[in-house]
Amino acid sequence: MRFTTAWCRTRRLGIATAVATLAAIPALATTSAAHAESIVYPAALHDSFYGTPADIADRQPGDILAVRAVPPPLGFPGTDAVQLKFRSTNSAGEPISAVTTVLSPQGGAPGRPLVSYQAIINALGLECAPSTALYAENPLRGIRESPGLLVAIQRGWSLAIPDHLGPNSAYGAAKVGGQITLDGIRAAQRHAPLGLSDSPVGIAGYSGGGMATAMAAALAPSYAPEIPIVGSAYGGVPMDIGKMAEALGESAHPAFGLAMAAALGLEREYPDRMPITDQLNASGRELRDRIANACTNEILLAGAGRSIADVADPEVGMTLLDSPPVRAVLDENSVEKIAAVPNAPVYEWHSPTDGLIPLQSITTTLRRYCEAGVSVQTEPTPDADHITAAVIGLPGALDFLDGRFAGLAPSSNCRTS
């Protein structure tokens, strides 16, 4: 199936409204069927390719469910593209379907390196996922890292770019993001026409995509030990989503919308453990509905300058963050709290003046990896904001992966004290 401009435009129709809040919510109420029914999920895309087959429970993680050829996205000349729908697993261990878009250099040699790149998707709408955003006519809904990704393809690599937030666009749910990432790699290696079955594998990403990448690296030894990962490169990672929630929600913050969005994303992924929707006041429900199917810029604009006090009772909201069920969900989705360590070298970068993410959590996590014997190279960028650091650090990340594909010994500046 070949895409047309009309097709791309049609894909962008039909997204409804709704959402909830992460740093911003009160009292832990008893979860009920009524609560589950009140959760707002993203509006479905009008495209049967994304449907889940009835026999998905009979499939194994990484099994291919559907394949379609697509045109190269704008800005990716000399590239072949294919989208794979595959079986993955959600945070409750249940089967789900997911999609990855694989971009390859035309005439690429079999066995060429494969990089799974988890794009920056701080979003709640399914239209914001890479399989659609790569074809967005509105550049504000596109993939921010596209120029750097083209460089990777020009090095002769294939890129698998998964919709790592899953079928519910569960922003903030790093565990499912990591599992989708790993299953997307499995699918790419199992699709014989790509010639990637024997390829060395790297994983990379920044910010929300970095969170999925870091989680995939930590989960790989147990979830997908057969994948030949040679290294992971990630930057700007919220290693502890609970600490980030507290920082963004306690007082008015320009990025409060991201906390709001992550709350709903986690509620979507954990409907029985995250009682968010029932706790919102009228203003909170209005904000929820406004960003339910929004992408990053729209979420930031809608939530700018707000805090817990604007969307719910602030006292009860902070109590919710400390409740055992909610704290367990936050820890399950915080790389800092995951006991497992990667089984391949790590490259990490961030701005030392990044006011969005908890920097100490990065230090603590990497120190633990070093103590476990993992080779870690961390590279603080020059002082920059969160998004600028993504651009500054990506070339170094690509060079790191290039060295791993070439079989070179990794550099390390590990600190264990």
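Between Asp322 and Ile392, the modelled label-to-label distance comes to 3.7 nm, taking each label 7 Å out from Cα in the direction of the beta carbon. Under the convention that each Lys and Arg Cβ holds +1 and each Asp and Glu Cβ holds -1, the size of the dipole of region 118-194 around its Cα centre is about 220 debye. With contributions of -39500 (n - 2.57) from each DSSP H run of at least four residues, the per-residue ellipticity at 222 nm computed over the chain stands at -11000 deg cm²/dmol. Rounded, prolate or oblate: pick one for region 302-417, where a ≥ b ≥ c are the square roots of the eigenvalues of its C-alpha gyration tensor, a/c under 1.5 means rounded, and failing that, prolate if a/b is larger than b/c, else oblate. Oblate shape, in that a/c is at least 1.5 and b/c is the bigger or equal ratio.
Evaluated with a Cβ-only charge set (Lys, Arg +1; Asp, Glu -1), region 253-318 carries a dipole of roughly 160 debye about its Cα centre, given to the nearest 20. Go through [x] 168; [y] 128; [z] 145 and flag the label whose value is the computed volume of the Cα convex hull per residue in Å³ for this structure. Here volume of the Cα convex hull per residue in Å³ agrees with entry [y]. Under 5 Å between amide hydrogens, which residues at least 5 positions from Val70 or on another chain qualify, with H placed 1.01 Å from N in the peptide plane? For Val70, whose amide H was placed from the backbone, the distant partners under 5 Å are Ala81, Val82, Gln83. For the chain, a simple Cβ point-charge model (Lys and Arg +1, Asp and Glu -1, everything else neutral) yields a dipole of about 980 debye relative to the Cα centre.
Explain nothing, just the number: relative contact order of the chain, from Cα pairs under 8 Å at least 6 residues apart, as a whole percent. List each step's numbers first, then the result.
Details: 1024 pairs, mean separation 87.6, N = 417.
The value is 21 percent.
For region 340-370 versus region 107-135, the inter-centroid distance based on Cα atoms is 23 Å. Calculated FRET efficiency, Ala44 to Ala304, Cβ-Cβ distance, R0 = 25 Å: about 0.30 to the nearest 0.05.
If we sort 67-78, 394-405, 179-190 on the protection proxy, mean other Cβ atoms within 10 Å, highest first, what's the order?
On the way: 67-78: 15.3, 394-405: 19.7, 179-190: 26.1.
Result, highest mean Cβ count within 10 Å first: 179-190, 394-405, 67-78.
Evaluated at q = 0.15, 0.21, 0.23 Å⁻¹, the base-10 log of the normalised Debye intensity for region 58-103, with identical point scatterers placed on the Cα atoms, takes the values -0.46, -0.69, -0.75. Amide H contacts for Arg155 (H built 1.01 Å from N in the peptide plane; partners 5 or more residues away or on another chain; cut-off under 5 Å): none found.
With the simple model of a label 7 Å out from the Cα in the direction of the Cβ, Asp289 to Leu74 spans 3.3 nm. Close amide H pairs (under 5 Å, H built 1.01 Å from N) link Val237 with Ser207, residues at least 5 positions away or on another chain. Farthest toward the positive end of the dipole of the chain, out of Met274, Gly303, Gly184, is the Cα of Gly184, where the dipole comes from beta carbon charges about the Cα centre. Based on the alpha-carbon gyration tensor of region 176-284 and its eigenvalue square roots a ≥ b ≥ c, which shape applies: rounded if a/c is under 1.5, prolate if not and a/b is larger than b/c, or oblate? Since a/c reaches 1.5 and a/b is larger than b/c, the shape of region 176-284 is classed as prolate. Working note: Karplus 6.51/-1.76/1.60 with θ = phi - 60° gives region 105-115 the couplings x, 4, x, x, 6, x, x, 4, x, 10, 10 Hz, where Gly and Pro are set to x.
Below 8 Å between Cα atoms, with a sequence gap of 6+, how large is the relative contact order for region 264-313 in percent? Mind dumping the intermediate values first?
Values: 28 pairs, mean separation 19.4, N = 50.
Answer for region 264-313 is 39 percent.
Under 26 Å of direct C-alpha separation, and excluding same-chain neighbours fewer than eight residues apart, Lys337 reaches these lysines: Lys175, Lys243.
Of the peptides 282-290, 152-160, 214-222, 46-54, how do they stack up when ordered by the mean number of other Cβ atoms within 10 Å, highest first? Walk me through the intermediate numbers first.
Working: 282-290: 18.1, 152-160: 21.1, 214-222: 23.9, 46-54: 13.3.
Packing order, densest peptide first, comes out as 214-222, 152-160, 282-290, 46-54.
Note on Asn281 and Asp383: their simple-model spin labels are 3.7 nm apart, each label 7 Å out from Cα toward Cβ.
Residues of region 88-127 with an amide N closer than 16 Å to a point placed 7 Å from the Cα of Asn138 along the Cα-to-Cβ direction: 122-127.
FYI, it's all coordinate maths here, none of it is from the lab. Just so it is clear, the model here is predicted, and its values are computed rather than measured. A quick note on method: Cβ atoms are made from the backbone with ideal geometry, for glycine too, and the neighbour counts reach across all protein chains shown.
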